[in-house]
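Written below as structure tokens is the structure these notes are about.
The values are calculated or read from the model by the stated rules, or taken from the named source; none is laboratory data. Note that the structure is predicted; figures quoted are calculated from it, not measured. Cβ: placed from backbone, ideal geometry, glycine included. Neighbour counts: every protein chain shown. Areas reflect the complete protein model, heavy atoms only, side chains present, ligands, DNA and RNA absent. Shrake-Rupley method; radii C 1.70, N 1.55, O 1.52, S 1.80 Å.
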Amino acid sequence: MAQAYEAQRERLLPCVHCGFCLPACPTYNRLGDEADSPRGRLHLMGAVVEGRLDPASDAFQTHIDRCLGCRACEPVCPSGVEYGALLELARATATEARPPGVLTRGLLALMGRPLLRKPFLLSGRILRATGLAALATRVIPSRGPLASVRLALAMLDATRPWSPEAAEGRRTSESRAVPRRDRALSPGDAPPNRGRVGVMLGCVQAGLYSRVNEATVRTLEANGYEVVTVAGQDCCGALHAHAGRLDGARALAENNIVAFERAGVDFIAANAAGCGAAMKDYDVLFEADAAMSARAAASSERVRDVTELLASAGPRPGAEVRLSVAYDHPCHLLHAQGVSGPPISVLEAVPGVEVRVIVDADECCGGAGIYGLTHPDLGARIGGDKVAAVRAASAQVACTANPGCMMQIGAGLRLEGSSQAVVHPVEVLDESYRRAGFYH
Ligand code: SF4
Ligand code: SF4
């Protein structure tokens, strides 16, 4: 803990308490309490580091826990305060002083262990495929002890595959040519080799959005990347890091660093903004580890969001998909990685697509892991504003580039009786390529 305190002390120094970060903070904007602002939380962290506040105190526990971890406070800070790294250290301090709740502990235990995670996510897919998740969402009352179960099931139902034809408002007359699951073949005029890529498959992404992983492989190959299978990879560790379980996060990170090193890739493609942000920060996670820091830094250097790779290759145009798309920026892509243009470039490369960036697209959707379950009132307020912005865009589909945000926005839409699909940008590009006959 002394090491964590020292790391915090140094990172807290640049804060000049100017308050420029306050208007960017969703919790401060909703609650109006300085202690729920970035500056207020930094003040609490400083008080703990200096021994003026007990880390087990309600003040520290409540306000650090209530932070979404959206990092909207980082890019607006003129002093360059590394709020994301500070929050992870503060969460480590908080969880050491008082263990997290049963929901958080259960989620970490599941996601960090493939033998538990895979059957859990399989049961989720069964609930989704049988329609039981959708049915339960409709019959469970919105208030009362089962309200959180209703939200969780709505999130699950929101992961159902989309129908591009239905979104466009037309019937499907042709039988859909389903591309090969793992690979896409480019047409004869194969584009140049842009490098060897390993795709980070993720835990939630692999379990509930495998179609996004498949679309990622196909669209990268169609744009000239050599995509290789990376055996031995596992969860990126983001959930552990955000919960303050830094040792658990390091164990998962080291496993991935080794797996991608063995594969000898030029790039690590992440299609979940949360995974990409965590992997780009592996260097920070291992900064005090002499044996691992250089390898972690080299690994972070190779990480790209899939839309960054696609946008740098064009991407090549496919066939028309006549869709209006309401786009929302994932916080861990926009604020944590500083990536805003590439997802929009990917969508705009599809003939027929009209991109409508929603109002306040730079604000968190309230997903933040399981924030909606652990903070039902505040999570519902933040999520409700996001869903209203998506609906106000009057688009045929909603779109964002992170599974947690896709589930959160999709659940909000379903709970309001809307069946609007929420898709990843690569799914739209993939559909365009399928129609263009790029896949065999
Ligand atoms: S974190 Fe940055 S923006 Fe916020 S009060 Fe400190 S110096 Fe100002
Ligand atoms: S991470 Fe988000 S919720 Fe937390 S202090 Fe920063 S802006 Fe506010």
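State all residues of region 13-39 that are assigned to a helix (DSSP H, G or I) and either in the same structural domain as C364 (by TED's automatic domain parsing) or near ligand 1 (Cβ under 9 Å from one of its atoms) (or both); if no residue qualifies, say none. The answer is L22, A24, P38, R39.
Candidates A129, A109, A92, A85: the one that is of a type outside the set (F, W, Y), within 16 Å of ligand 1 (Cβ to nearest atom) and farther than 21 Å from P376 by Cβ is A85.
Which of the residues belonging to region 49-74 are closer than 30 Å to D328 by Cβ and either surrounded by 15 or more Cβ atoms within 10 Å (Cβ to Cβ) or within 9 Å of ligand 2 (Cβ to nearest atom) (or both)? H63, I64, D65, R66, C67, L68, G69, C70, R71, A72, C73, E74, listed by residue number.
Does region 2-24 include one or more residues that are in contact with a Leu (Cβ under 9 Å, 6 or more places away or on another chain) and at positive phi? Checked region 2-24: at least one residue is in contact with a Leu (Cβ under 9 Å, 6 or more places away or on another chain) and at positive phi. Of all residues assigned to region 126-149, at least one qualifies as being closer than 30 Å to E34 by Cα, at pLDDT below 95 and in a helix (DSSP H, G or I).
Residue-by-condition table, conditions (1) part of a loop (DSSP other than H, G, I, E, B); (2) surrounded by 23 or more Cβ atoms within 10 Å (Cβ to Cβ); (3) under 17 Å from the mean Cα position of the chain (by Cα):
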residue	(1), (2), (3)
A319	yes, no, no
A326	no, yes, no
H329	yes, yes, yes
L333	no, yes, yes
A336	yes, yes, yes
P343	no, yes, yes
V346	no, yes, no
V350	yes, yes, no
R356	no, no, no
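Residues that are buried (at least 24 other Cβ atoms within 10 Å of the Cβ) and under 21 Å from the mean Cα position of the chain (by Cα) within region 220-241 comprise L220, C235, C236, G237, A238, L239, H240, A241, listed in sequence order. For region 5-17, a residue qualifies if it is open to solvent by 30 Å² or more (accessible area, probe 1.4 Å) and either more than 19 Å from P78 (Cα to Cα) or modelled with pLDDT of 95 or more (or both), and the qualifying residues are Y5, E6. Does V102 qualify as being open to solvent by 80 Å² or more (accessible area, probe 1.4 Å) and out of contact with any Ser or Thr (no Cβ under 8 Å at 6 or more places or on another chain)? Taking the combined requirement at face value, the residue satisfies it. Scanning region 75-85 for residues that are crowded, with 20+ Cβ neighbours inside 10 Å and either near ligand 2 (Cβ under 9 Å from one of its atoms) or assigned to a helix (DSSP H, G or I) (or both) gives Y83, G84. Applying the condition of being surrounded by fewer than 19 Cβ atoms within 10 Å (Cβ to Cβ) and among the charged types (D, E, K, R) to region 105-126 and asking which residue is nearest to G237 (Cα to Cα) yields R113. G202 falls short on exactly one of the conditions (1) crowded, with 19+ Cβ neighbours inside 10 Å; (2) out of contact with any helix residue (DSSP H, G or I) (no Cβ under 8 Å at 6 or more places or on another chain); (3) assigned to a loop (DSSP other than H, G, I, E, B), and that condition is (2).
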